[in-house]
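Data block below; observations after.
Readers should treat all values here as calculations from the given coordinates under stated rules, not as data from a laboratory. Since the model is a prediction, treat every value here as computed from it, not as a measurement. Backbone-built Cβ (ideal geometry, glycine too); neighbour counts: all protein chains shown.
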Amino acid sequence: MSLTHTEVAEPTTAGTEIGSPATEVAVPGRAPAPHGRAYTVGRTEDVPPGEGRAFVAGDTQVAVFRLRDGSLHATQASCPHAGGPLADGQTDADVLVCPLHLYAYRWVDGVATSGAMAVQVYPVREVDGMLVVDV
Amino acid sequence: MTAVLGGRPEGLTSLSLGDDEFDTRSRLVVVGNGMAGARFVEEVLERGGGEQFRITVFGDEPHGNYNRIMLSPVLAGESHEDEIVLNSHDWYADNGVDLRAGVRVARADTAAKVVHGDDGSTTPYDHLVLATGSYSFIPPMSGVRTADGALLAGVYGFRTIDETRAMLEATQRCRRAVVMGGGLLGLEAARALQGHGLQVELVHAMPWLMNAQLDAEAGAILKKSVESLGITVHLDAMAGEVLGTEHVEGVLLKDGRRLDCDLLVVAAGVRPHTDVAVRSGLEVERAIVVDDQLRTEDPDVYAIGECAQHRGSVYGLVAPAWEHAKVLADVLTGTDPDAEYTGSRTATKLKVAGVDVATMGINVPERDDDEFLVISEPRRGVHLSVVIRDDKLVGATLLGDTRKVAFLTQAFDRGTALPEERIRLLVDLSDGAEEVGVAEMPADSQVCNCNGVTKGAICGAVADGCGSVGAVMDRTRAGKGCGSCKSLVKQIVEWAADGDVTEDPSASWYVPGIPLAKPELMAAIREQDLRSVSQVFAALAPAGKEDAKSKMGLTSLLKMVWGVDFVPEKDGEFINDRVHANIQRDGTFSVVPQMKGGVTTPAQLRKIADVAEKYEVPMVKVTGGQRIDLLGVRKEDLPAMWADLGMPSGYAYGKSMRTVKTCVGSDFCRFGLGDSTQLGIDLETRFQGIESPAKMKMAVVGCPRNCAEAYVKDVGVVAVGNGKWEVYVGGAAGASVRKGDLLATVDSTEEVMQLTGRFMQYYRENANWLERTYDFVPRIGLEKIKQVLLEDSEGLCADLDAGIQRSIDAYRDPWGQDLAEPATPGQFRPSLPLIELPKVPVR
Ligand code: SRM
Ligand SMILES: Cc1cc2nc3c(=O)[nH]c(=O)nc-3n(C[C@H](O)[C@H](O)[C@H](O)COP(=O)(O)OP(=O)(O)OC[C@H]3O[C@@H](n4cnc5c(N)ncnc54)[C@H](O)[C@@H]3O)c2cc1C
Ligand code: SF4
Ligand code: FES
């Protein structure tokens, strides 16, 4: 990750509390590719081990996952299939499984194991106990 | 409307690999990214052609490659457009294929060997493949086009996803549609539009429907069937004029009749796209003329699919296009330089629910000694015929009854021997002679015509370890075209897996991520004292690797094994279990409070009513399980609602004991033989919330009139008088309907409780994950179950009784528990970025 802004994480957009839920309407389909702006979306401890939670980064809704091995992943928040809440999905080291129709998306590139669809994955890392997502 | 199907994030991409001068591979350019073009590229790659060729594909449509024949179900709203993507843009990138989506090729310069795109690009080629397909033919009618040559608003062809999307959108504001063309496409379009509530009239220029495939008699029967669906059919009718200036308002038939409409679909045939070939100076008659190696008169230019004319024939179906793709891939990659295509025998099926039509070959005898057998039952809408020549099937028409299609297709494709009694080709004579089963089908007979998959290929996939029908379909693509062969594929897979073919070892595993069958898995969990899902993965999974799709099953199993000593992990649970509610299509949840035996009180009802109002619950509904469902609840409202309700969870979301339905029984009913209501309440109290491999539903009825459907429950109890009760197990009336088997007739309610618990525990310990009792009971066998549970033949009864008691003791109402203190931070935080989905309407 050679992006220039790894150091300076900008705060989440004005008006949005840290860790506030994502509630806006999004359209299914793959979210736009990252432009590389970093946002602090919440505290690492907001995401229990093995689970996911939804946040707003700028005006993008993201789902952040903390796996049991400690690694972090972030994806677009809604499933490209039919808008399922991906943060409610189940995970393992390879994939994220959407709760609605159980499509599985690979962390490496976001592509569904069936090959037909893909979620946008975003770089995410921990900085001083905070979750920083590049969108 | 503009979303790119199978697209990449940024929409169009043309990921150019650059002209590396050190790249010695020859340049293969394909024009047309449709069913033939894309399949050809796949066939080339499969033959290792990625090393031989630098491949560029031009597609006029901006999308990835999609399954055009599935546009009919998409228009009907039966399939989602995402489901018909065959190759996404990513697929091209992943395979090093340069896809120029959205770029139309204007012409090829065959002397300089370059193609010119309408984006101004020139692309050199060594081999050029034209796969430009066809376009909808719009017959000359005055008023159909506007001054600038575009179709009048409201008039559509039916060929592309964009046209399909536009029509789908139009169905929301339009009320009356006219479909021109009574062939396969027209009929499919008519039915699809009608399904959206439009009033549909079909205008066909010929004297009968599907005249290309059917004879007059069959066509007349088809007309009746179509009309019985509510579609008006006008035959021998030519439209001369399209009415309307801004937007279509109707059509004027040549006989003077006027049909009003606000949507006009023209499905009056297709014409091959030959413009590129013509401009490139290639020989074009009806389509681009090719030889048996699909080569045009220019030795480096080929044509495949609907734009090709081979030995005088132009095909309008996908199977020949895919045969072209195979032969050409063999030739170009050198896999079989002498491969030849000699023509296709075509078969068609109409994809219209309620009207079954399958045809193959010719439909009437053509020679004096052709045998012709017809069974016609116009009143039933059935018309069946076969044409036999020299003991071989050369044609068949099945209308209204397509049960024989598998055998006939096979006889038609393979020339297999025909029964002496020809009538057996069309009907099963009820003399007990068995149907032509999948066992007798020769290995090389074609099962999936869309994708050219043989029975042998399916068996091969099973032999290679594909354990499920889905896995076989993914591997072979069988059943992934129009889908009409799916049931045959399933039969073959089942046959192949049961017989001598080795089964996929993972089929016996309890969950996919741990290579152990249930008894071994349970033994290992006990021996190694594994109490949480992550401990199980660490100890028993290959390389300790966790597996998302195994977690839910493991959680359930551990709860059963350990009772209160289970160490819970929220990420091991499915979302429903994490928040004790059922997730809905829009990401909200449903709340079903416990209502034991279906009995409630005015106070409870008042509570529910208050809560429903307070939290603006969009729908309150009485369930099929005799309780009340509050649907469409926001996740963040769940704990407060539970608190206000003050009722325990009804477990309507879990793989667990759900409800015990009861009837009013002896207290009120004049026929009641036992107090079914009280017994139901007692059963529900004892077994509430007990998790099991799949859900368990129970019912108790006061007499064999069975008002609460006890015969079709996982456990059903029926009062038969004199204090006696019958206990049925393995019944269901959901996706499968099965009457339960009588396990025992017992003399007291105590015995009912004990036997129910014993059966539940035996099922919990021995059933596969997600195996309902309606599969479990027949698999184990009623006799065996009786011996184990009633005669204690294996000495298990004491353990079973203790096991179920352990789980009963571990029961805690999850609502009460998590309401006091969330199980994890943000347990009830919304995860919704709601898309606008059809929501539960407020009533
Ligand atoms: C609410 C209810 C329908 C209703 O409005 O009445 C219902 C709703 C659902 N049923 Fe059902 N079933 C409901 C009674 C039934 C019944 C009738 C009964 O219990 O007497 C049956 C047939 C009996 C049976 O199961 O044998 C029934 C057979 C199914 C099946 C088919 C199971 C099978 O293997 O045959 C499914 C699918 C599944 O389990 O995979 C299913 C699945 C579902 C799910 C949970 C789908 C899902 O996974 O999200 C539905 C949840 C809707 C939602 O958004 O909340 N539901 N479902 C009923 C709740 C009963 C309750 O109080 O708990
Ligand atoms: C609604 C519908 C239902 C059908 N149902 C069935 C069915 O049940 N069974 C069956 O066998 N068949 C069915 N068909 C027919 C089947 O879809 C066709 O036979 C098949 O698509 C032919 O494949 P093709 O590659 O030759 O043409 P196409 O799939 O049409 O592909 C041609 C592609 O080339 C592109 N193209 C054309 N000219 C250019 C150019 N100059 N530059 C760049 N790109 C160009 C076009 O945009 C198009 O994407 C159905 C068709 C439709 C429309
Ligand atoms: S019948 Fe189907 S749609 Fe209706 S509630 Fe049950 S699962 Fe849902
Ligand atoms: S919405 Fe995610 S799989 Fe359907």
Dipole axis of the range A:38-134 (+1 Lys, Arg; -1 Asp, Glu on Cβ), positive-most option in A:L67, A:V56, A:H81: A:H81
Range of Cα positions in the protein assembly as shown per principal axis (Å), largest first: 86, 81, 59
Net charge over other residues, Cβ less than 14 angstrom from the Cβ of B:A153 (K, R count +1; D, E count -1): -4
Unit charges at the beta carbon, dipole of the protein assembly as shown: most positive-side option, B:I492, B:V251, B:I375: B:V251
Sites B:D162 and B:R345 - FRET efficiency at Förster radius 41 Å, r taken between beta-carbons, to 0.05: 0.80
Qualifying lysines (Cα of each under 29 Å from Cα of B:K724; at least 8 residues distant if same chain): B:K596, B:K661, B:K695, B:K697, B:K713, B:K739, B:K784, B:K786
Where the Cα pairs of chain B fall when distances are cut into 10 Å bins, in %: 2, 10, 16, 19, 19, 16, 11, 5, 1, 0
Whole-angstrom gap from the range B:574-625 to the range B:664-724, using each part's C-alpha centre: 23 Å
Pairwise centroid distance, computed over Cα atoms, of the range B:219-287 with the range B:501-567, Å: 60 Å
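Taking N as the number of residues in the range A:38-134, what value does Rg over Cα atoms divided by 2.2 N^0.38 Å take? List each step's numbers first, then the result.
Working: Rg = 12.1 Å, N = 97, 2.2 N^0.38 = 12.5 Å.
The value comes to 0.97.
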Reachable lysines from B:K351, criterion Cα separation under 18 angstrom, eight or more residues apart if same chain: B:K223, B:K224, B:K404, B:K480, B:K486
Neighbour-count ranking [beta-carbon atoms within 10 angstrom, fewest first] of B:V712, B:V57, B:V660: B:V712, B:V57, B:V660
Solution diffusion estimate, µm²/s, Stokes-Einstein, the range B:323-419, Kirkwood Rh from C-alpha pairs, 37 °C, viscosity 0.692 mPa s: 217 µm²/s
Ranking of B:V179, B:V155 by count of other Cβ atoms within 10 Å, fewest first: B:V155, B:V179
Percent RCO, i.e. relative contact order, over chain B, from Cα pairs under 8 Å lying at least 6 residues apart: 7 percent
Rg/Rg_globular for the range B:204-321, with Rg_globular taken as 2.2 N^0.38 Å and Rg from C-alpha atoms: 1.43
Using alpha carbons only: equivalent-ellipsoid semi-axes of the range B:633-752, gyration tensor based, whole Å: 28, 17, 12
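Using Cα pairs closer than 8 Å and at least 6 residues apart in sequence, work out the relative contact order for the range B:378-431, in percent. Display every interim value, and only then the final one.
Details: 59 pairs, mean separation 16.0, N = 54.
Once normalised by length, the contact order is 30 percent.
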Ranked B:E546, B:E51, B:E81, B:E297, criterion: other C-beta atoms within 10 Å, fewest first: B:E51, B:E297, B:E81, B:E546
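Treating only the Cβ atoms of Lys and Arg (+1) and Asp and Glu (-1) as charged, compute the dipole magnitude of the range B:521-670 about its Cα centre; round to the nearest 20 debye.
Working: 21 positive and 18 negative charges, 102 e Å.
Charge dipole, the range B:521-670, about its Cα centre: 500 debye, nearest 20.
Grab the DSSP H runs of the protein assembly as shown that are 4 residues or longer, score each as -39,500 (n - 2.57), total them, divide by all residues and round the 222 nm result to the nearest 500 deg cm²/dmol. Intermediate results must be reported in sequence, preceding the final value.
On the way: 26 runs with 252 residues, N = 978.
Calculated at 222 nm, the ellipticity per residue is -7500 deg cm²/dmol.
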Label-point gap, in nm, between B:E616 and B:L229 - each point 7 angstrom along Cα→Cβ: 4.2 nm
Nonlocal amide H pairs with B:V701, under 5 Å, H built at 1.01 Å: B:V717, B:V718, B:A719
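R0 = 41 Å: FRET efficiency of B:E46 with B:A539, Cβ-based, nearest 0.05?
Numbers: r = 41 Å, r/R0 = 0.99.
Calculated value: 0.50.
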Å³ per residue enclosed by the Cα convex hull of the range B:558-653: 120 Å³
Two-decimal Rg to Rh for the range B:127-227 - Kirkwood Rh, Cα set: 1.02
Reachable aspartates and glutamates, given that their alpha-carbon falls under 13 Å from the alpha-carbon of B:K113 and they are not under 8 places away in the same chain: B:D126, B:D298, B:D300
Electrostatic dipole magnitude of the protein assembly as shown [Cβ: Lys, Arg +1; Asp, Glu -1; Cα centre; debye, to 20]: 2600 debye
